[in-house]
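Structure, as structure tokens:
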Amino acid sequence: MNRICVRAHDLGRLSAAELASRAKAIGFTGVQLVPEKALSEPFSTSHAEAVARALDGLEVTMLGGYFNPVHPDPDIVREGIVRFRRMLDASGPLGALYVGTETGSLMGSPWGYVPRNHAPETFSRVVDVVRGLADYAGSAGATVAIEGAWAHVAYSPEKVRELLDAVQSPNLKAIVDLFNFLNPANHEDRDAIFDRCLGALSADIVVFHLKDYVFADGVLSQVGLGKGLMDFPSIMRRIRAACPDARLVFEGVVGDDLQPSFDLISRLLHEVN
């Protein structure tokens, strides 16, 4: 059954015990954890079991190992791979289901759009990096989750599918973030784009990132769930039918928007049961 989770650092920078308490008080049963952003205490593989105990049954749905696999500085790419492997090593003792990343940008930082992001040779570089991560995940008993975004190398649901097919690993799965595939030119097609996500990826989707947005002055801006243009009743029906076990992770939902957003998604899930 779909479980509702939250990106941990959207709750604040806390001890593991405080994080668990705050998340559970809202109703979340899992977290997407980027340790250096979410935890007030140090974290390494050696700390993972202690953190898991302090989380007191709160699921670590995904460890955020996000890095830019096509950064123009090869040293930064190497550092990102090393860090991601550490997260894969930590996922077992922490009980994390997945370790997630995106497909990056040749811009470096920030990870914005440049035309060469969508070039075949750039995609080939990502395939090589992700194949290596998936191979390492297999040896570590872990699973990589990859996320596409319009500005990045895997810029469409079909491009994420192409990446999965190129790597051909049982240790590689997909994250779907509909908002990430949108831009000012295509956002009105969001329902059709979500259908393409499900059509291309449903067998491999393990996480949906839930976001809402408004469009003003040519810019897409995030808002609390139910306050924007996303049709969540329809989205929840389609998720429930296609991916009934995928985790639903709030990203960028903060402050006073957390509880009403949780209540909305929880109600919608119950209505489609």
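In table form, for the structure just shown:
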quantity: Total residues in region 49-63, condition surrounded by fewer than 22 Cβ atoms within 10 Å (Cβ to Cβ) and either closer than 18 Å to Asp10 by Cα or touching a Leu at 6+ places or on another chain (Cβ under 9 Å) (or both); calculated: 4
quantity: Residue in region 250-262 that is among the charged types (D, E, K, R) and under 27 Å from Glu158 (Cα atoms) present; calculated: yes
quantity: Those residues of region 224-273 which are of a type outside the set (Lys, Arg), touching an Asp or Glu at 6+ places or on another chain (Cβ under 8 Å) and in a loop (DSSP other than H, G, I, E, B), in sequence order; calculated: Gly224, Leu225, Gly226, Gly228, Leu229, Met230, Asp231, Glu251, Gly252, Val253, Val254
quantity: Search result, residues across region 235-255 that are over 21 Å from Leu201 (Cα atoms) and crowded, with 16+ Cβ neighbours inside 10 Å; calculated: Gly252, Val253, Val254
quantity: Residues of region 205-234 that turn out to be crowded, with 19+ Cβ neighbours inside 10 Å and either among the hydrophobic types (A, V, I, L, M, F, W, C) or more than 23 Å from Val6 (Cβ to Cβ) (or both), as a count; calculated: 7
quantity: Answer from Gly108, Gly104 - the residue that is part of a loop (DSSP other than H, G, I, E, B), on the phi > 0 side of the Ramachandran plot, of a type in the set (Gly, Ala, Ser) and out of contact with any Phe, Trp or Tyr (no Cβ under 7 Å at 6 or more places or on another chain); calculated: Gly108
quantity: Region 37-75, residues that are over 16 Å from the mean Cα position of the chain (by Cα) and acidic (Asp, Glu); calculated: Glu41, Glu49, Asp56, Asp73, Asp75
quantity: Every residue from region 1-20 that is in a helix (DSSP H, G or I) and either touching a residue at least 24 places away in the same chain (Cβ under 8 Å) or under 25 Å from Cys243 (Cβ atoms) (or both); calculated: Ala8, His9, Asp10, Ala16, Ala17, Leu19, Ala20
quantity: Qualifying residue in region 114-129 (condition: touching a residue at least 40 places away in the same chain (Cβ under 8 Å), touching an Asp or Glu at 6+ places or on another chain (Cβ under 6 Å) and crowded, with 19+ Cβ neighbours inside 10 Å); calculated: no
quantity: Number of positions in region 194-222 that are among the charged types (D, E, K, R), in a helix (DSSP H, G or I) and under 15 Å from the mean Cα position of the chain (by Cα); calculated: 1
quantity: Residues that are within 16 Å of the chain's Cα centre (by Cα), in a loop (DSSP other than H, G, I, E, B) and more than 19 Å from Gly64 (Cα to Cα), drawn from region 129-176; calculated: Trp150, Ala151, Tyr155, Ser156
quantity: Residue within region 56-73 that is more than 23 Å from Arg22 (Cβ to Cβ), in a helix (DSSP H, G or I) and modelled with pLDDT of 95 or more present; calculated: no
quantity: Of the criteria (1) over 30 Å from Arg116 (Cα atoms); (2) under 19 Å from the mean Cα position of the chain (by Cα); (3) β-branched (Val, Ile, Thr), which one Val34 fails; calculated: (1)
quantity: Candidate set: region 181-203, residues that are out of contact with any strand residue (DSSP E or B) (no Cβ under 7 Å at 6 or more places or on another chain) and of a type in the set (A, V, I, L, M); chosen: the one modelled with the lowest pLDDT; calculated: Ala203
quantity: Residue among Pro42, Pro72 that alone is surrounded by fewer than 22 Cβ atoms within 10 Å (Cβ to Cβ) and free of Cβ contacts under 8 Å to residues at least 24 places away in the same chain; calculated: Pro42
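The values are calculated or read from the model by the stated rules, or taken from the named source; none is laboratory data. On a predicted model such as this, the values are computed, not experimentally measured, just so you know. Note that each Cβ is placed from the backbone with ideal geometry, even for glycine, and that neighbours are counted across all protein chains shown.
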